[in-house]
1. Taking each residue of B:369-376 in turn, how many C-beta atoms of other protein chains fall within 10 Å of its C-beta, and what is the average?
2. I'd like the distance between the alpha-carbon centres of segment B:280-303 and segment B:127-170, rounded to an integer number of Å.
3. Once the label point is set 7 Å along the Cα-to-beta-carbon vector, what list of distances in nm do you get between A:Thr152 and its counterparts in the other copies?
4. Can you give the Rg to Rh ratio of segment A:298-379, both from alpha-carbon atoms, with Rh computed by the Kirkwood formula?
5. Give the nm distances, rounded to one decimal, from A:Thr127 to the matching residue in every other copy, measuring between label points 7 Å along Cα toward the beta carbon; shortest first.
6. For peptide A:444-452, compute the average count of partner chain beta-carbon atoms within 10 Å of each residue's beta-carbon.
7. Binning every alpha carbon pair distance of segment A:256-330 at 10 Å from zero, what are the percents per bin?
8. Collect residues whose amide H, placed 1.01 Å from N in the peptide plane, falls under 5 Å from the amide H of A:Val423; neighbours closer than 5 in sequence don't count.
There are 2 protein chains.
Amino acid sequence: VLELVEKASSLNFPLLFRFLGTICLLIGGSMAFSLPFAFPSVADRTHLPPATEFESAAASGLLASMAICFFVGAFFRFLGRGHRGGGELYQKEAMAIVGLSWVSATVLGALPYYLSGTMIAEGSPITFIEAMFESQSGFSTTGATVLTDLETPELVPHCILFWRSWTHFLGGLGIVVLFVAILGQGSAGKAMMRAEMPGPTKDGSMPRMQHTALVFAAIYVGLNMLLTFIYMFEGMSSFDALCHAFGTMATGGFSTYNRSLGGFDSPLIEYTTVLFMILAGTNFTLLYLMLLDIPRRPLTAARRLFQDVEFRTYALVIGVVTLGVVIFGLRAEDEGFGTLAKGVQNGLFQVVSVITTTGYGTADFDEWNNFGRGILLLLMFVGGCAGSTGGGMKVIRHVLFYKILRLEIERAHRPRVVRPLRVSGVAVDDPQLAHNILLYFCMVLAIFVMSWLALITFEPNSTWGVVMTDTPPEEVIEESAKAGKSGEEIVVVDHSQAGKKLLHGTLDEKLLDCASAVAATLNNIGPGLGVVGATRNYAGFSQGAKLLFVWLMMLGRVEIFSVLLLFVPSFWRRV
Amino acid sequence: VLELVEKASSLNFPLLFRFLGTICLLIGGSMAFSLPFAFPSVADRTHLPPATEFESAAASGLLASMAICFFVGAFFRFLGRGHRGGGELYQKEAMAIVGLSWVSATVLGALPYYLSGTMIAEGSPITFIEAMFESQSGFSTTGATVLTDLETPELVPHCILFWRSWTHFLGGLGIVVLFVAILGQGSAGKAMMRAEMPGPTKDGSMPRMQHTALVFAAIYVGLNMLLTFIYMFEGMSSFDALCHAFGTMATGGFSTYNRSLGGFDSPLIEYTTVLFMILAGTNFTLLYLMLLDIPRRPLTAARRLFQDVEFRTYALVIGVVTLGVVIFGLRAEDEGFGTLAKGVQNGLFQVVSVITTTGYGTADFDEWNNFGRGILLLLMFVGGCAGSTGGGMKVIRHVLFYKILRLEIERAHRPRVVRPLRVSGVAVDDPQLAHNILLYFCMVLAIFVMSWLALITFEPNSTWGVVMTDTPPEEVIEESAKAGKSGEEIVVVDHSQAGKKLLHGTLDEKLLDCASAVAATLNNIGPGLGVVGATRNYAGFSQGAKLLFVWLMMLGRVEIFSVLLLFVPSFWRRV
Ligand SMILES: [K+]
Ligand SMILES: [K+]
């Protein structure tokens, strides 16, 4: 027993390196899928002129990135050569692998941006930290971006635009879930699923875990394909359809247009996206059971869906919040709420986009009334259902949170009445569940508050809300004043230069904007309020803040614990 | 045993009524202390002309209030006549008594304002909800106010101004702690102390409880007297000195000047107040032990103070935050940060005022830079030490919260290493403590978020930020524009009327202002940011919002649980 304890509390490094090596090789290999889009004939655009010539600089950047991935992967596998396979994988190893996989993916995934000469704006080549931001944002399916102009291939080449959306696809599938499904590493799979599967899942035996992962992957790929075809049928080019299908099904939110999905101006495409965002935010196990039922017993299938307390709550929240947003939006005559039909379309789209943590934009909800802005900010913390590609805290955790608080209030005045926690009528037999849920909420709270404090302390005022723009400074000031956004200062710098830097700072809302930026990255939404609003991006933040966001997106995606542990020194030491 | 269970789960109503009756009689009796200040010779003011004639309307209002208190008290005691004393008091009864005492105190304490014809501004007599707000704010030592002008006795008579500060004195002492100390109700005392004593306290036997309550009361009254004399020595009139001593030692924050303590323009008075606010926010048991030590072993006394992990953290937070506020304030050249000396004076005062939850103002910290505003907003949730008169979440809970999260992170990667929670080097033997701390944070989070959501949903935009002012509307608009505060709208209404209503609405920051108003009432601070900033007040909110604030102040003061239970229907039923 003592030997077992010692074995468990120290790390099996060869195994770790072998895993990491394989991941690096797979990431490198998957970059090959982006290469074809360097050819002008493949990168067809819906609303933009097609490319005219082969993107040679970007293609060679991609090839160089692939070479680095293969080299690093081979080196890791060389370090892990002592491992002879089939070894036991403990909780601790699984956590280390999950955490380090994300770190490796982030760093390697940043290479194509960095080596292809991508520009965050005219005259501003991307820094490596910014490339890591974009890479992490892709893999974690956050969809926050530092790229100001997606519609100029000279700034962001087509093959890089595809790589960007492709990281959503890979992230949504979950690099490690993929591993479990394809490689099936004995008890590793179980431990990993526990670390990786979003939300609290019912524990199962190993073969069921592997089966679940396969089902997850199959449904996910199937829906991606289905949605691509639907988008093409609705008028998108194949390139745009692929990218947006990836963005929707991964609840990622990267688009290929500056106006996001609003760039298509198509209610049909928007309602299609709403439907598929809702599906992407639903527990995939539930979708699988539905798939089995629908052909034979459609009514049973629908009943099953609404018997699930999580889905019921998810649907209810979407309905109630949309109703509220539409009523307040119409009353305040907000942008996009001209008519009831338009209001429902925009309101429903934004509510679903935020609760599923997709983050697509069709209307600039930052210009909405305070109720709309406030409720969307809260909704960011709700998130999708457990076992979906959605981020955030997950609906089921909120359901449990509510039930736990209610039980505790009862317990305080009836200490002798012991009542178990029930989910969908079944008593939960895990005595640690209540504790873990409370702990999770407290962790999120602590991380949110600390990150917010760090941002308001260290983010300099002098570069707050920098926007790159072609508009002459006088017009910007005039427009801002008209919108009632005079703020503490509007300062113009560097307008003569190529970068066209313009300080568009409204420091008035810095506290709220920082809170929304933290919420939008920690919950893997993407856009937030103010300087990170739907029409703006994260380019204006300092490099340090961008690094903080990289960390928050990772924390949010792997459900906080696994990543947090990597930064505890004692994690790496023997006891 | 069965009988005991049944007895415990049903309420002993005669006992309840007898208690409540006594409380009503005591509140009525204590109103007599305000009566003398209706005489012009007693109500001397430092910076204002003394009153010239007897405040007959206010005095008769006070007398009427006293009559109502006696009548209600007698009625409750009549209902409770079946109780023959000495009965056992269970946890549930204690909670009901604590909660209902606060409700009774709030309602009865509102009578003097309402019946004396107090005006919240010229032409606007106080409503009963507003009177309850002022009363609750006094008893809960919050110090939030709806009274716009304290310096005109025709609007707020002197004897009402004294009653207002006197409720701070009563609240600070704790109506129920007073009960424990004076009446000593057998096991009642123990159960009550558990509900009433702010923060987690070490459990003791009954006689020690009673002793603690007496010590608490003695130190409190002693410090109030000492501070009154010091204030008088520093130039305050006896009336102002009494009122401000009550405001300081109760960490209440009601002043008798519109500019709060800043109205004295005296660094000496400000530094004296800083010292006594720090004392008021310190655990009174610690103060008692210090008192015993200082005459003989002053060094031991100082060492004891800093051996206490809570006091050490409290001092450290004050020091570090003050340093940050001063640096950022000087850099941004904020109001009140002209010189280093002035900056330290204003920075230290505001930091101490907020962390101790006193809420006095000398500088308008709402005009500070974003770091200053943000850190003060966070500080509102820290609060004083357990066993002090300070509100908020208490320093010790934050210390425990940090330790618990650290232990949990360790536990996640070393599940086999069990390490106990330690406070000041001693292992905590309460297995429920960690759970209770996490639960408390989650409760505060849930109440904060729900209240914020309610405010942004139901508080109408059309009356947001109403300010009563004598300034002509053109000047207000001009000033606002100069301060960069154009906001979404500045609308003027009713300026011709006596009320001089002026909409001074900057809806831009409604989300943040609402958050700060909830934080400032739930944590019993008083002033917040924006529309409830240091130079403004709660008068502009709708009556519904004021009722919400009354409830939040009560929740904050009796540490959430006791009050929450009153509103659970099953609490009142037999099982
Ligand atoms: K997203
Ligand atoms: K206060």
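1. What the average comes to for B:369-376 is 5.
2. Each part reduced to its Cα centre gives a spacing of 34 Å.
3. 6.0
4. With Rg and the Kirkwood Rh in hand, the quotient comes to 1.05.
5. 5.3
6. Mean shielding by partner chains, rounded to a whole number: 2.
7. Each 10 Å bin holds this share of Cα pairs: 16, 36, 32, 16, 1.
8. A:Val428
Each reported figure results from applying straightforward, stated rules to the coordinates on display, with no laboratory input. The structure displayed is predicted, hence computed values, not measured ones. Using ideal geometry, Cβ is built from the backbone for each residue, glycine included, and neighbour counts are taken over all protein chains shown.
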